[in-house]
1. For chain A, find the longest principal axis of its Cα atoms and tell me its angle to the long axis of helix A:99-116, 0 to 90°, nearest 10.
2. Taking a point 7 Å out from Cα toward Cβ as the label site, list the nm distances between B:R162 and the same residue in every other copy, smallest first.
3. Under the convention of a label 7 Å out along Cα→Cβ, give the distances in nm from A:Q25 to the same position in every other copy, shortest first.
4. Can you tell me the orientation of helix A:23-47 relative to chain A, as the angle in degrees between its alpha-carbon axis and the longest Cα principal axis, to the nearest 10?
5. Could you give the size of the charge dipole of segment B:125-181 about its Cα centre, using +1 on the Cβ of each K and R and -1 on the Cβ of each D and E, expressed in debye and rounded to the nearest 20?
6. So with the 1.4 Å probe, I'd like the accessible area per residue for segment A:80-214, rounded to whole Å².
7. Shielding of A:115-128 by partners, i.e. mean partner chain Cβ atoms within 10 Å per residue?
8. Run through the other copies and list how far each one's label point is from that of B:T204, in nm with one decimal, shortest first; the point sits 7 Å from Cα along Cα-Cβ.
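The values are calculated or read from the model by the stated rules, or taken from the named source; none is laboratory data. Everything quoted here is computed from the prediction, not taken from an experiment. Note that each Cβ is placed from the backbone with ideal geometry, even for glycine, and that neighbours are counted across all protein chains shown. Side chains are part of the model used for accessible areas, which takes the heavy atoms of the whole protein and leaves out ligands, DNA and RNA. Shrake-Rupley method; radii C 1.70, N 1.55, O 1.52, S 1.80 Å.
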2 protein chains.
Amino acid sequence: MRRVPHPWAAHRRAGAFAVTETRIQTRNRAAIREAALEVFSRQGFGGATLDAIAGEAGLSKPNLLYYYPSKEAIYEDLLTGLLATWLDPLIALDPAGDPVEELLAYMRRKLDLSRQMPRESRLFAGEILRGAPVMMGHLTGELQRLVSEKSDLIETWAAEGRIAPVDGRQTIISIWALTQHYADFDVQVRAVLGDTDPFDSAATHLDALFRRMLSVR
Amino acid sequence: MRRVPHPWAAHRRAGAFAVTETRIQTRNRAAIREAALEVFSRQGFGGATLDAIAGEAGLSKPNLLYYYPSKEAIYEDLLTGLLATWLDPLIALDPAGDPVEELLAYMRRKLDLSRQMPRESRLFAGEILRGAPVMMGHLTGELQRLVSEKSDLIETWAAEGRIAPVDGRQTIISIWALTQHYADFDVQVRAVLGDTDPFDSAATHLDALFRRMLSVR
DNA sequence: CGTCAATTTGACCGGTTGGTCAAATTGCAT
DNA sequence: ATGCAATTTGACCAACCGGTCAAATTGACG
């Protein structure tokens with residue numbers, strides 16, 4: 001019998017009562033997620049070590065494993081916990097809004113994510129690069145449905161002549177590619193652009209690009 | 001004293017004579033590069049193991065290390081050996097050609113690379129994702145110079161009114177982002193697109209996108 | 001204060017990793 | 001066929017990996 005209940009086994013002792021998190025648990029779990037994001041996003045899953053994450057979080061390795069059962073569990077918790085944040089901008093694409101402005105706003109929201117959450121972007125990128133061993137289910141599930149719905153909307157706009165004729169799915173993919181690139185390939189972009197802030201000039205450039213691509217003439 | 005000269009120490013015994021490669025060396029080195037490409041591109045540098053590469057190449061691990069001094073050496077040899085292939089399409093951007101058609105042709109060459117060499121694309125992507133520990137010198141050297149030259153050309157075209165006014169560097173970055181995405185995020189693209197061949201519909205879509213972006217009206 | 005649960009730690013474990021080495025085997029030129 | 005260099009291998013190693021465990025320490029609450 002286990003005499004030391006680990007926090008990650010919380011559901012085991014839940015019973016009829018709500019499982020409340022200790023202040024310490026809240027603090028340390030947050031520190032671990034922050035540290036894991038830092039390490040996983042730069043080293044990839046394979047290159048990351050529990051020692052590195054524990055060190056970054058200011059904990060000992062056994063202490064880390066008191067809060068998460070395994071390296072995989074931390075990685076999965078990070079990814080699934082961030083998924084909603086990553087999908088929100090697309091969900092916000094509004095059928096009632098002006099088509100061109102809606103798509104431009106979506107692009108800007110995605111570019112803001114790249115600017116403000118580059119590590120999260122690289123974490124996702126690394127996962128997809130390796131063939132999405134953890135996220136595959138989400139890709140063929142929620143993501144596929146969401147993209148299907150929104151690309152239908154885009155193509156409706158196109159059919160109504162309110163934007164140029166485009167492939168809805170390809171349009172969404174283009175927005176992903178063009179915005180994520182500035183986070184995922186950060187060092188390359190900066191090497192090529194020199195001193196200028198990549199995101200400022202990217203915002204101007206992408207604004208013009210999508211306006212030209214989408215506007216009816 | 002070393003009594004068994006390893007092939008990778010070739011320069012040590014070169015002296016005044018040209019160093020010729022054995023048939024066996026040529027075959028095994030090629031097999032190792034092929035295997036390493038397979039493993040590194042999927043597992044990343046950190047996740048890859050010498051055993052996995054050796055197994056994929058059909059060699060024993062010590063035999064592998066007879067041809068390369070270390071894991072890092074294989075990785076670096078792969079990257080630097082592939083760099084020229086990756087830069088060639090941009091080098092081929094011709095000042096004498098028609099501006100829009102030249103840029104479209106560059107985009108198509110890059111998309112073809114993504115289609116035909118997705119593992120190489122993912123290898124580069126993984127390296128850049130981790131902050132380019134190996135390639136940083138090339139990024140701030142050859143790449144920066146090449147991009148500088150070609151973006152000047154693009155902006156000359158723009159100033160002459162032969163294409164729409166664009167930021168040369170940002171235009172090149174957009175071409176990279178939009179084409180590499182189909183190789184690097186392959187599984188996501190396929191999850192979203194379903195059965196249709198991503199590259200066929202991408203070619204059509206990107207052709208229209210860049211035509212609209214670049215053409216003067 | 002006491003006490004019990006929550007938290008933290010050092011010591012440890014079996015497996016894997018990158019890499020070495022001496023010896024065995026093979027290929028090749030004479 | 002023989003002799004030497006090129007190639008291959010099994011056995012091995014120290015370091016590191018993810019993870020465990022019992023014991024020690026700390027925090028919360030009456």
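1. 40
2. 4.0
3. Counterpart label points of A:Q25 in the remaining copies fall at 6.3 nm.
4. Compared with the principal axis, the helix lies near 60 degrees.
5. On the way: 5 positive and 7 negative charges, 29 e Å.
The dipole of segment B:125-181 has a size of about 140 debye.
6. About 36 Å² of surface per residue is accessible.
7. Working: counts 0, 0, 0, 0, 0, 0, 1, 4, 1, 2, 7, 6, 2, 9.
Shielding by partners across A:115-128 averages 2.
8. Here B:T204 shows inter-copy label distances of 3.6 nm.
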